[in-house]
Amino acid sequence: MTFSPDKTLVRALLVTVCRLLTGIKARWRATPQVDQPTIYYANHSSHLDGLVIWASLPATMRERVHPVAAADYWQKSALRRYLSARIFGAVLIERKRKSGAPFSSDDLLAPLVTVLEKQESLIFFPEGTRGGGDELGEFKSGLFHLLQRYPDARLVPVWLENLNRVLPKGSRLVVPIICSATFGEAITGPEPDETKIEFLNRAKQALEALSHA
């Protein structure tokens, strides 16, 4: 791996700032598997969610774990483009074509499958959009279809606590509050006799269970 001074320094700075603002405490229920492609899926209530999970990972893993994020947000400015591409290695999803028509499921999942095929990992928010943080929203079908396309990926739930209070939806004011990220044990992907709804409910329940742990 080539040493890149800007990536090294900016990453270290972001991790330090993230920890100062959130006091983030990472709890691992199982030892992370560095060399196995993994989908870390989490509840979503803040623009800081992806950064917090990424910063909670061991430093040796961050190069190989890529947040999945909306292109329309992360391409709005040169700074956001730099952070998403150069620092986080994010996979940006274009939700609509220039014509305004939505992309197909296959179009949206293709770059995610490419990452997993490279034996690297993803940070994924199955609710699709940010919620209020008080309760978990319904999971969209993307997680199910992604595992249909790449069934060998490990699936690890990550419960984020208090992130909605650090940067509330609609606010630009960051409020320092102690937060936590609980990484659960891996669950299995869709079983042969399991419907899409059954699998998504099972994945959601596994994530919700971490909120009570």
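The values are calculated or read from the model by the stated rules, or taken from the named source; none is laboratory data. What you see is a predicted model, and the numbers here were worked out from it, not measured in a lab. In this analysis, Cβ positions are derived from the backbone assuming ideal geometry, glycine residues included, and neighbour counts consider all displayed protein chains.
Restricting 59, 26 to those that are small (Gly, Ala, Ser), modelled with pLDDT of 85 or more and more than 29 Å from residue 199 (Cβ to Cβ) reduces the list to 59. The set of residues in the stretch 129-159 that are modelled with pLDDT under 90 and either under 21 Å from residue 29 (Cα atoms) or hydrophobic (A, V, I, L, M, F, W, C) (or both) contains only 136. When the stretch 64-75 is limited to residues that are of a type outside the set (A, V, I, L, M) and at pLDDT 90 or above, the one that is farthest from residue 118 (Cα to Cα) turns out to be 67. Test residue 77 against the stated conditions and say whether it is within 16 Å of the chain's Cα centre (by Cα) and of a type in the set (Gly, Ala, Ser). Spelling it out, it is not the case that residue 77 is within 16 Å of the chain's Cα centre (by Cα) and of a type in the set (Gly, Ala, Ser). Per the listing 8, 60, 31, 16, the residue uniquely free of Cβ contacts under 8 Å to residues at least 12 places away in the same chain, closer than 20 Å to residue 120 by Cβ and not in a loop (DSSP other than H, G, I, E, B) is 8.
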